[in-house]
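Comments concern the structure below.
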Ligand SMILES: [Cu+2]
C-alpha cells in the first residue's frame with residue numbers, strides 16, 4: 001500500500017510538469033525559427049560614434065554628427081537616424097557623444113543599440 005501511494009504521488013507530480021515543459025519548448029521554437037532567420041540574413045549591424053544634434057520624439061528621428069563608418073563606406077557626416085525603440089531616445093540627449101549600432105532597413109538607418 002505504501003509503495004503504491006508513493007508511485008502514484010510521483011506520477012501525479014511529474015506528469016503535469018512534463019506536459020508543461022513540452023508545451024513551452026514547442027511554443028519557444030516556432031517564433032524563434034521564423035523571427036530570427038530573416039533578421040540574421042537581412043540585417044548587418046554597423047557600429048558608429050557620433051554626437052547627438054537633434055532629437056524628434058514624435059517621429060523618433062535622431063540627427064547625429066557621426067564619425068566615419070568604414071563598414072558603410074561613409075565619411076563623417078550629419079544625418080538622421082531612426083530608433084527601433086523610442087525608449088532609446090532617453091539615452092540620446094542633445095550634445096552627447098555616443099557609441100551606437102544601427103542597421104540599414106527599408107525604412108532607413110535604424111539605431112538598435114547605444115553603448
Ligand atoms: Cu551618415
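The values are calculated or read from the model by the stated rules, or taken from the named source; none is laboratory data. Please read all numbers here as calculations on a predicted model, not as lab measurements. Virtual Cβ from ideal backbone geometry, glycine too; neighbours counted across all protein chains shown.
Taken as a whole, the structure places residue 112 among residues that are under 21 Å from residue 43 (Cβ atoms) and at pLDDT 95 or above. Do any strands (runs of 3 or more DSSP E) lying entirely in region 67-115 carry at least 2 residues that are away from the ligand (no atom under 11 Å from the Cβ), touching a strand residue (DSSP E or B) at 6+ places or on another chain (Cβ under 9 Å) and over 15 Å from residue 53 (Cβ atoms), and which ones are they? Answer list for region 67-115: 97-105, 108-114. If I go through region 53-66 residue by residue, how many of them are more than 14 Å from the ligand (Cβ to nearest atom) and on the phi < 0 side of the Ramachandran plot? Of the residues in region 53-66, 6 are more than 14 Å from the ligand (Cβ to nearest atom) and on the phi < 0 side of the Ramachandran plot.
Among the numbered conditions (1) in contact with a strand residue (DSSP E or B) (Cβ under 7 Å, 6 or more places away or on another chain); (2) under 17 Å from residue 104 (Cβ atoms); (3) surrounded by fewer than 16 Cβ atoms within 10 Å (Cβ to Cβ), the only one that residue 50 does not meet is (3).
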